[in-house]
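The values are calculated or read from the model by the stated rules, or taken from the named source; none is laboratory data. No experiment lies behind these values; they were computed from the predicted model shown. Neighbour counts run over all protein chains shown; Cβ positions are idealised from the backbone, glycine included.
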Amino acid sequence: MHLIPGILLAIVLFAVLVIVHEGGHFLTAKAFGVRVNEFSVGMGPLIFQKKKGDTEYSVRAIPVGGYVAMEGENGDSEDVNAFNNKPWWARALVLFAGPFMNLVLAVVVLAGLVTYMGTGIAGDIGSVKEDSPAYQAGIRTGDVITCVNGTEYEPGLDVAKALNDASSGTDETIDITYVRDGENVDVTVPFETDDQGERHIGVSFRLEHNVLVGLKYGVIDCVKMEKLILDAFASLFSGQGSMDDVAGPVGIVNVVDQTAQTGVFNLLYLLALLSINLGLVNLFPFPALDGGRLLFVFIRLFTGKAITDEMESKVHYLGIVVLFSFMIMITFHDVARIFTQ
């Protein structure tokens, strides 16, 4: 493990996740006129703080987590702009905004990756390998294949599929018609076999980089990842999983370091995965989490004043104690796992 680079990269990823999550709470609170006393990136001892308007912006020593301290969030307040004095629907939206922004971040990252790498096959050839059968037959970059073995196809995906199907057959050659400068050219191209035993003629098609298509697949990939994460939690809570499947901050540093060594794309994919995980976990109906606070918003909508702000605050404080105890346990497990590997 590359200790220092891994830690620094993990801190950067944590900061991005926290700023996006807490930024969702912060911006929504401001939009509804809620007084925000502090916006903090990190927990624990204060490193830096600057006040602008009613809000103190802080950076704290422990780079895991952060918070938006809203007036009246954890107790009674007479301030007309306090969180507890806002309508129930406004409070619910403020609480939901944090996890929602984590999911938005994941979709944006995944959509960006899909768009950059290509979302579909365009009509023309993107490259021809030199000295390949296709190159020797005269096919060049920019040509458009319209006919394969006597059958006309729509340029693009249909042609690519036809070439792939033909390479899986037994014929030693393939008849191709391609268009260059408006003229049709007919050629017969032999297949060659690579080191992996796969047959091809040496062409690859240009990929499209469509933002809207990328966004579509970003949403689809995000939903798939959400399902995988929820299935993993279901296995853990049902007893079918194990603590080896759970990682705390120390374990994440190790994962970030290993992922970074495989390339920036995989690191961005990990960022999306962590963002989805943070968003979903915060929606769990457990005290102190956004989901637990949302649950209280709806419960108190029907119970009226039977549950006071002070009573709710005590429940969330107990939830914080449980969560920190769980985090400490996971951290010890992460450290033990590193030394036993």
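Of the listed requirements (1) crowded, with 19+ Cβ neighbours inside 10 Å; (2) modelled with pLDDT under 95, residue 120 misses just one: (1). The residue pairs whose first member lies in segment 264-284 and is in a helix (DSSP H, G or I), whose second member is among the hydroxyl-bearing types (Ser, Thr, Tyr), and whose beta carbons are closer than 6 Å, counting only pairs six or more residues apart or on different chains, are 266/259; 267/259; 270/259. All of 176, 229 fail the test of being in a strand (DSSP E or B) and surrounded by 15 or more Cβ atoms within 10 Å (Cβ to Cβ), apart from 176.
Answer with yes or no whether residue 257 is buried (at least 18 other Cβ atoms within 10 Å of the Cβ), among the acidic types (Asp, Glu) and either more than 19 Å from residue 22 (Cα to Cα) or outside the structural domain of residue 107 (by TED's automatic domain parsing) (or both). Quick ask: steps written out before the conclusion?
Working: buried (at least 18 other Cβ atoms within 10 Å of the Cβ): yes; among the acidic types (Asp, Glu): yes; either more than 19 Å from residue 22 (Cα to Cα) or outside the structural domain of residue 107 (by TED's automatic domain parsing) (or both): yes.
Criteria met by residue 257.
Among (1) of a type in the set (D, E, K, R); (2) touching a residue at least 40 places away in the same chain (Cβ under 8 Å); (3) buried (at least 21 other Cβ atoms within 10 Å of the Cβ), which single condition is residue 73 missing? With respect to (1) of a type in the set (D, E, K, R); (2) touching a residue at least 40 places away in the same chain (Cβ under 8 Å); (3) buried (at least 21 other Cβ atoms within 10 Å of the Cβ), residue 73 is out only on (2). Among the residues of segment 286-302, those identified as in contact (Cβ under 8 Å) with a residue 60 or more places away in the chain and surrounded by fewer than 16 Cβ atoms within 10 Å (Cβ to Cβ) are 298, 301. Every condition in (1) modelled with pLDDT of 85 or more; (2) closer than 27 Å to residue 70 by Cβ; (3) of a type in the set (Gly, Ala, Ser) holds for residue 272 except the one numbered (2). Residues that are in contact with a helix residue (DSSP H, G or I) (Cβ under 9 Å, 6 or more places away or on another chain) and hydrophobic (A, V, I, L, M, F, W, C) are absent from segment 48-57. Is segment 146-164 home to any residue that is surrounded by 15 or more Cβ atoms within 10 Å (Cβ to Cβ), over 41 Å from the mean Cα position of the chain (by Cα) and either modelled with pLDDT under 90 or in a loop (DSSP other than H, G, I, E, B) (or both)? Yes; the residues of segment 146-164 include at least one that is surrounded by 15 or more Cβ atoms within 10 Å (Cβ to Cβ), over 41 Å from the mean Cα position of the chain (by Cα) and either modelled with pLDDT under 90 or in a loop (DSSP other than H, G, I, E, B) (or both).
Scanning segment 302-323 for residues that are modelled with pLDDT of 85 or more, of a type in the set (Val, Ile, Thr) and closer than 23 Å to residue 89 by Cα returns 303, 307, 315.
Going through (1) among the hydrophobic types (A, V, I, L, M, F, W, C); (2) buried (at least 17 other Cβ atoms within 10 Å of the Cβ); (3) closer than 20 Å to residue 207 by Cβ one by one, residue 137 falls short only on (3). Residue 40 fulfils the conditions (1) of a type outside the set (Val, Ile, Thr); (2) free of Cβ contacts under 8 Å to residues at least 60 places away in the same chain; (3) not in a strand (DSSP E or B) except for a single criterion, (3).
Exactly one residue out of 57, 67 is under 17 Å from residue 290 (Cβ atoms), in a strand (DSSP E or B) and either at pLDDT 95 or above or of a type outside the set (D, E, K, R) (or both): that is 67.
Taking segment 132-145, which residues are part of a loop (DSSP other than H, G, I, E, B) and either under 23 Å from residue 194 (Cα atoms) or in contact with a helix residue (DSSP H, G or I) (Cβ under 8 Å, 6 or more places away or on another chain) (or both)? Please lay out each step first, then the result.
In the first step, residues of segment 132-145 are kept if they are part of a loop (DSSP other than H, G, I, E, B); the result is 132, 137-143.
132, 137, 138, 139, 140, 141, listed by residue number.
Residues checked against (1) out of contact with any strand residue (DSSP E or B) (no Cβ under 7 Å at 6 or more places or on another chain); (2) buried (at least 17 other Cβ atoms within 10 Å of the Cβ); (3) assigned to a helix (DSSP H, G or I):
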position: 44; (1), (2), (3): no, no, no
position: 50; (1), (2), (3): no, no, no
position: 79; (1), (2), (3): yes, no, no
position: 96; (1), (2), (3): yes, yes, yes
position: 127; (1), (2), (3): no, no, no
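Residue pairs whose Cβ atoms lie under 6 Å apart, separated by 6 or more positions or on different chains, with the first residue in segment 181-193 and without any contact (Cβ under 8 Å) to a residue 60 or more places away in the chain and part of a strand (DSSP E or B) and the second among the hydrophobic types (A, V, I, L, M, F, W, C) and surrounded by 10 or more Cβ atoms within 10 Å (Cβ to Cβ), are 187/137; 187/176; 189/134; 189/137; 189/174; 189/176; 189/201.
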